[in-house]
Amino acid sequence: MRPRIPLRKRLLVRLLVATVLIALCSVGATAWLAVQTTTRAIREEQGQDLADDMRILAQLSGYAATHPDWKGVAPTVRALSRKMGRRIALTSTDRALIADSAPHGTSLPPRAAANVDPLHTDTYTEPGAQLSGLDPRVVGPYRVTAKERVQLAKLAKDRQACFKQNGIDTTITMTPSGRPVLTDADGNNANDSVPEPCADGKFNTLTATEAKALKNLLARAQPCLREGGVSFKLPYFGVDVFDKSLGSRYTMGAYNKVGDAAAIRKAEACTDNARRAQLDPYVAPVAELFLGGGDTTAPRFDVSPANKAKVVGAAAAVLALTVLVTAVVATRLVRPLRALTEAAQQPPELHVRVPVKTRDETGILAEAFNDLTERRERMEAQRKAMVSDIAHELRSPLTNIRGWLEVTRDGFVEPDPALLGSLHDEAMVLQRVIDDLQDLAAADAGTLRLHREPVRVEDLVDQVVAAHRVSADTAGVTLTGRTDNSLWLEADPVRMRQVLGNLVSNALRHTQADGTVTVTAWRDGDDIVLTVADTGIGIAPENLQHVFERFWRADQSRSRRTGGSGLGLSIVRDLVAAHEGTVEAASEPGAGSVFTLRLPNSAAPEGE
């Protein structure tokens, strides 16, 4: 009974499992990659859009901080639009168009992206803008004059030199108002920690322009401050502020005197309101900024329930399709394999063949299996025929020997020389059959021994022709040999004489009187070609492929004495193969046959 294959080891199951795993991994990996890639792309686009929005807003806020109105902003808007590749439009708070990079008449987006107000901003990234709400480029009355700027630059260089003498490296940075400040290597204000030799008070002293603007600021803040009842410090552009008219310096210590956080917040609010009122005439009015489609809300990648269902459905469909295709392919693949297995498990005597339905690997395997079955069937038939032929070949001489010995023993015949000669001939027949079988067995087993030596082809042909001269003359057949004396072989001379002798004797046997048998040898490139040609009865085309088979005779009715044992040509084939050569037969019925040997050429020995 055929053993049952476990389910987990079946080819179909393993193919299905492998395909399912591959499909699941592929679907999962593709989905994850798509989500990650899409999310990353969206985030990058969001970041790029936000960065572009911030740059646009910063540049327009800078324009508003340095201009009292929007009259000349149109060229700036168009240049910025070309640079960013986006539409930019500015309107007043009542939607009156100020400037637009789009053609006239183009409708505005449904809502503004931001307000451009340098006095109330929380998006500008300059230091201090988000804390104070003021664009630091709004300087208004605090912008120092050219003369004051020269004086401040000289004081800054003197302060920088003093810092360097005390081992502190600083950099002079110019603020929008024109006042220079010293910053350390970390970008911090170096005036927060001034060495004693450098603290002369000159660099931080207000200029006339700054003092005038500050006095105006204090005057604007006084009504609000009196209501709060607080004193405070007014830091502006990194300097400590003095109010000469009041004769007092406002420092952080003033906060400590108040001791009320609410009052501190009240003082800060009063100062901020006064500062904005003071700077308002120097900045452009509040404007609304429109960008692109007007929707600057960052998109978010989200999978809705409907989309999730689509993804799951698509994945399930892909998985089902993969399983279906794999099942069909695997079934088609497994079916011929099962047929091959079943055919191979049948009893040897049945010689079952598998139908070939495809030309793929399994079809080629089925053809190879069928060829193997046919060869096995032929070999089995040849084996049976060989056993029968051997029995027949041995039975005839043994029967003759036994019969003559019995009649001699019974006294019916005298053991005269003629009888003994007949018995000797029968014994020689047995000996030749046994020798032929022994040679074939050695060739099949690969133990056939060859004693190679340089052999002159001319001598070899002459010896074979001379050995069969008597038989040829008796049969009335002309036997000749033609060869070149420069041809040499590296071969076993005894075996080569046996090869040519078998071919010549076979040719003589099938050639009528007045016919010819010719042995010829010549050189063909790197090979030596020997032919044995006769003018005999020839071989039928359908029998030509069987001439080298063992115990095969064209005329199955011929006896051992008239037709030979049927082993001679088989021995020729095996001996030639042992010499790395080939043998072929060609024939035309009624015109004769030609047996061609092709053997490797050998150089002549030294001295020849």
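Here are some notes:
- Taken over the range 405-421, the criterion of being surrounded by 12 or more Cβ atoms within 10 Å (Cβ to Cβ) and in a loop (DSSP other than H, G, I, E, B) is satisfied by VAL413, PRO415.
- Elements of type strands (runs of 3 or more DSSP E) contained in the range 23-139, each with 1 or more residues being open to solvent by 30 Å² or more (accessible area, probe 1.4 Å) and either at pLDDT below 80 or among the polar types (S, T, N, Q) (or both): 114-116
- The range 78-105 residues that are touching a residue at least 40 places away in the same chain (Cβ under 8 Å), paired with ones that are open to solvent by 70 Å² or more (accessible area, probe 1.4 Å) (beta carbon under 6 Å, 6 or more apart): THR91/LEU97
For every residue, the table says whether it meets (1) at pLDDT 75 or above; (2) closer than 18 Å to LEU21 by Cα; (3) surrounded by 10 or more Cβ atoms within 10 Å (Cβ to Cβ); (4) in contact with a helix residue (DSSP H, G or I) (Cβ under 7 Å, 6 or more places away or on another chain).
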residue: ARG300; (1), (2), (3), (4): no, no, no, no
residue: ALA314; (1), (2), (3), (4): no, yes, yes, no
residue: THR322; (1), (2), (3), (4): yes, yes, yes, yes
residue: VAL334; (1), (2), (3), (4): yes, no, yes, yes
residue: ALA344; (1), (2), (3), (4): yes, no, yes, no
residue: PRO347; (1), (2), (3), (4): yes, no, no, no
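- Put simply, of LYS244, LYS233, LYS212 the only residue that is at pLDDT 80 or above and under 21 Å from ARG179 (Cα atoms) is LYS212.
- Restricting attention to the range 468-500, the residues being open to solvent by 70 Å² or more (accessible area, probe 1.4 Å) and either in contact (Cβ under 8 Å) with a residue 60 or more places away in the chain or small (Gly, Ala, Ser) (or both) number 1.
- Considering LEU530, LEU503, the condition of being of a type in the set (A, V, I, L, M, F, W, C), closer than 15 Å to LEU575 by Cα, open to solvent by less than 60 Å² (accessible area, probe 1.4 Å) and more than 60 Å from the chain's Cα centre (by Cα) is satisfied by LEU503 alone.
- Test result for ARG509, of a type in the set (Lys, Arg), within 20 Å of VAL594 (Cα to Cα) and open to solvent by 50 Å² or more (accessible area, probe 1.4 Å): yes
- Matching residues in the range 390-422 - criterion: being modelled with pLDDT of 75 or more and acidic (Asp, Glu): GLU406, ASP410, GLU414, ASP416
- Applying the set (1) touching a residue at least 12 places away in the same chain (Cβ under 8 Å); (2) open to solvent by 70 Å² or more (accessible area, probe 1.4 Å); (3) more than 25 Å from ASP272 (Cα to Cα) to ARG143 leaves exactly one unmet item: (3).
- When residues of the range 176-192 are limited to those that are touching a residue at least 12 places away in the same chain (Cβ under 8 Å) and not in a loop (DSSP other than H, G, I, E, B), the one most open to solvent (accessible area, probe 1.4 Å): ASN189
- One residue from VAL433, VAL387 being open to solvent by 80 Å² or more (accessible area, probe 1.4 Å), modelled with pLDDT under 75, of a type outside the set (Lys, Arg) and assigned to a helix (DSSP H, G or I): VAL387
- Inspection of the range 166-174 identifies no residue that is in a helix (DSSP H, G or I) and surrounded by fewer than 18 Cβ atoms within 10 Å (Cβ to Cβ).
- Taking (1) under 21 Å from ALA381 (Cα atoms); (2) exposed (fewer than 14 other Cβ atoms within 10 Å of the Cβ) in turn, HIS351 satisfies each apart from (2).
- In the range 533-548, the residues that are among the acidic types (Asp, Glu) and buried (at least 18 other Cβ atoms within 10 Å of the Cβ): ASP534
The values are calculated or read from the model by the stated rules, or taken from the named source; none is laboratory data. The model shown is predicted, which means the values in this text are computed figures rather than measured ones. Reconstructed Cβ throughout: ideal geometry from the backbone, glycine too, with neighbour counts over all protein chains shown. Only protein heavy atoms, including side chains, enter the accessible area calculation; ligands, DNA and RNA are left aside. Shrake-Rupley method; radii C 1.70, N 1.55, O 1.52, S 1.80 Å.
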